[in-house]
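Comments concern the structure below.
FYI, it's all coordinate maths here, none of it is from the lab. This structure is a prediction, so every number in the text was calculated from the model and none was measured. Neighbour counts run over all protein chains shown; Cβ positions are idealised from the backbone, glycine included.
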């Protein structure tokens, strides 16, 4: 509960409602009756973090146990942090208000690289030593999950455990083990060695890394019985998988404040730039009945009037039509808006989308990703210009007047013609609007082009590619701005500095731990927020550590180089990525999983689309 | 279709929410409670609800009005019960009934203020000085309004003011201007008094007890 000291602080900060807890559906337990206290930390603000679905899932999952209490923790904004430090208030969990340094497990979700300094800042604010080696006791145990742990090496010195893959099953197994070891009075070493034997648990301290003279990794060796390769965990049946029936409803505004239900995991597409498309393989679907039931349950318990169906590339969902048809009657009746993110231009379900928009009309976004067919073939974004234009035409005849188009700059093999192609494609979309005889009178069209710098990521066919330098990205942005032919097209891009840093950490190794620590000491935090991003301070930290960030970002790697994440196994062998990388260079596309199995190796994970294939192949 | 006036409490943790947060919170509660509320008919249908006099962030209220419009018949008790099972900590519906008066009739509000100065001397000093200032009839402050910032005499908006020290805490009972035409934010008055006396509280609690009409009867 709120102490006098906290009350004093809260009345002096922006949006104090972020720091009080007490939201509807937040879980309060009797702390004397639980054996494990779990602080689920999102290393960014309340507004960002409370929108995150993974947190809602694991919060409900841990709280479904009688022996554990999971609470939420977010990074305080800088005004709150300053007052907390000045008044000696340590980072506390929202439900109980208790300092998290006394908790058993402190779990971070690593969603993006630019939140790494926030992890350090939160540990420090909690009064917890940053480095795993400096934390001698069994608890608090610092663990992490999320997409970034496919290569958590830059954070390896700070984390005791990471959980590559999906957390629904492994979280419970880990908590069971911890409970047992707490009872036995084990020391941290003993527990970590035991934990490393659970499939899907990575204990960085049990792996020794040696380097070659050129700075590349020579060898990663497991010790004390830890597995040579750490296999990711997946849940094979999404219908029987744990899913939350209620959401904590934020009292103050969150970025995405609505009912979100997963429709499927994984993706059949194999776009070569897309890390998510490979990390979450194989594609596994939830039945439309189960999705609908969960949507209703969450809407009823939260009062939300908006549902977002969540997946990669949702128009690939086989049950989409059935789901939407079943949901619409009650959604319309209860004035609930249903939105579909990640629509593909090649199978844009116009009729469905029109039906959906009978409650509230939202914008329409397509992601051609590259401006020319040649480059779209290189990245395996199997969408043609015709398909983009047809989808736009349908949208315009359906009454839309604004379309957003997403692209990337700095893709492998990209030339200036490809960049100019972005403007040309946008122009053709504008032309489509004026060709439409039913276009609303006196209304203009707006096409927003967003072109973000491409960041090569681990576990993609582009993991060996050099990232475009900052100067090169700036030059490419100029080419793009100059090639724009109409004011009906607006172009936005982001400065290359943050993408550069993202790239460094995405493919970084353990040597970067000291850079992150130093940059944080020198004042870097909230790096994802423009107003707090201190690029110069980062560059100074690299220099002081005698580490060249270009080595990680803009260097081309050889296929036979040992990559810092080679000991992580996400189901897809390196040979597949090499094959895909070579096909990319040749401009050859690869069919999606439902057309033809590309042999990525995920079938051994035993789930979803791979089994579906076997049936049809016969 | 029928208008209903709900009376609610906003206390404890709920005081840290802004008025916008409160609106969001009540519209969700109305949905969860399945109150047959009338929806606005714009592009973006929203449950219809109006707050005759919003409370500022940080302030609590024990008898605050909220007007809704319902389309099906439902008893007042039923509304109160259903709403209370759907509201988060700190928000509670006390009663429901007809909206007797128009919100324009709100002219004053009665507040209980507690200022914790963490020093009995300071609390006593402040109580004495603040009372003297109000009695003196002049306390100038910059007041933000839709038309911009202007300097006004806050004392002209104070109807009744009584400050007493109880150990480290200074308790104030006051009736000040409230409503659409002339409104004084209790925080602004307290802050201006603190500035004038060079006292800063450690923790401040402001509770709006009730709303009053121009002849000092309860707004209902």
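If the chain between residue B:77 and residue B:1 were fully stretched, how many nm would it gain, using 0.36 nm times the residue separation less the Cα-Cα distance?
The residue B:77-residue B:1 span can extend by a further 25.6 nm.
Pick out which of B:192, B:50, B:181 has the largest mean-square fluctuation in a Gaussian network model of chain B, springs linking Cα atoms closer than 10 Å.
Answer for the Gaussian network model of chain B: B:181.
Based on the Cβ-Cβ distance of residue A:229 and residue A:431, what FRET efficiency does E = 1/(1 + (r/R0)^6) give at R0 = 45 Å, to the nearest 0.05?
Details: r = 52 Å, r/R0 = 1.16.
E(calc), rounded to 0.05, equals 0.30.
Quickly work out the residue A:540-to-residue B:167 label distance, labels modelled 7 Å from Cα along the C-beta direction, and quote it in nm with one decimal.
4.9 nm
Please report A:20, A:190 as a ranked list, fewest other C-beta atoms within 10 angstrom at the top and most at the bottom. Write out the running numbers ahead of the final one.
On the way: A:20 24, A:190 13.
Exposure proxy ranking, most exposed first: A:190, A:20.
How much length would be gained if the chain were fully extended between residue A:78 and residue A:335, taking 0.36 nm per residue of separation minus their Cα-Cα distance, in nm to one decimal?
Gain on stretching residue A:78 to residue A:335: 88.7 nm.
I need A:529, A:69, A:464 ordered by Cβ neighbour count within 10 Å, fewest first.
Placing the least packed residue first, the sequence is A:529, A:464, A:69.
Can you give me the Cα centroid spacing of the range A:443-470 and the range B:141-213 in angstrom?
54 Å
Give me A:3, A:236 ranked fewest to most by other Cβ atoms within 10 Å of their Cβ, as a rough exposure proxy. Provide the component values of the computation, followed by the final result.
Numbers: A:3 11, A:236 14.
By the 10 Å Cβ count, ascending, the order reads A:3, A:236.
Which angle between 0 and 90 degrees, to the nearest 10, do you get for helix A:512-521 versus the longest principal axis of chain A when only C-alpha atoms count?
The angle comes out at about 80 degrees.
Set the Förster distance to 30 Å, then compute FRET efficiency between residue A:173 and residue A:293 from the Cβ-Cβ distance, nearest 0.05.
After rounding, the FRET efficiency stands at 0.65.
Among B:52, B:88, B:65, which one shows the highest mean-square fluctuation when chain B is modelled as a Gaussian network with alpha-carbon springs under 10 Å?
Answer for the Gaussian network model of chain B: B:88.
Under 18 Å from a label point 7 Å along Cα→Cβ of residue B:151: give me every residue in the range B:120-137 with its amide N that close.
Label zone hits: B:137.
I'd like the distance between the alpha-carbon centres of the range A:235-297 and the range A:372-414, rounded to an integer number of Å.
25 Å
Taking 60 Å as R0, compute the FRET efficiency from the Cβ-Cβ separation of residue B:62 and residue A:189 and round it to 0.05.
It comes to 0.60.
Please identify which residues in the range B:76-94 have an amide N closer than 20 Å to a label point set 7 Å out from the Cα of residue A:300, following the Cα→Cβ vector.
Label zone hits: B:79, B:81-88.
Using a 10 angstrom cutoff on alpha carbons, build the Gaussian network for chain B and name the most mobile of B:93, B:71, B:149.
B:149
Roughly how tilted is helix A:535-544, in degrees to the nearest 10 and between 0 and 90, from the longest Cα axis of chain A?
Here the helix axis deviates by roughly 50 degrees.
Using Cα pairs under 8 angstrom and six or more residues apart, how large is the relative contact order of chain A, in percent?
14 percent
Which whole number gives the average count of other chain Cβ atoms within 10 Å of the Cβ atoms across peptide B:46-57?
Details: counts 2, 3, 0, 0, 0, 0, 0, 0, 0, 0, 0, 5.
Other-chain Cβ atoms within 10 Å of each residue's Cβ, averaged: 1.
Go ahead and collect, in residue order, the members of the range A:371-389 whose backbone nitrogen is under 18 Å from a label point 7 Å along the Cα-Cβ direction of residue A:595.
A:372-389
Which value in nm describes the separation of the simple spin-label points at residue A:253 and residue A:559, placed 7 Å from the Cα toward the beta carbon?
5.2 nm
How far is it, in nm, from the label point at residue B:182 to the one at residue B:98 when both lie 7 Å from their Cα along the line to the Cβ?
Roughly 3.1 nm, to one decimal.
Quick one: compute the contact order of chain B, relative version, from alpha carbon pairs under 8 angstrom and 6+ residues apart, as a percent.
25 percent.
What's the angle, to the nearest 10 degrees (0 to 90), between helix B:19-32's Cα axis and the longest principal axis of chain B?
30 degrees
Taking Cα centroids, how far is the range A:562-606 from the range A:23-95 in Å?
38 Å
Would you mind calculating the gained length between residue A:443 and residue A:53 on full extension (0.36 nm times residue separation, minus the Cα-Cα distance), in nm to one decimal?
136.6 nm
Report relative contact order for the range B:2-99 in percent, whole number only (criteria: Cα-Cα under 8 Å, sequence separation at least 6). The partial results should precede the final answer.
Values: 177 pairs, mean separation 48.8, N = 98.
Relative contact order of the range B:2-99: 50 percent.
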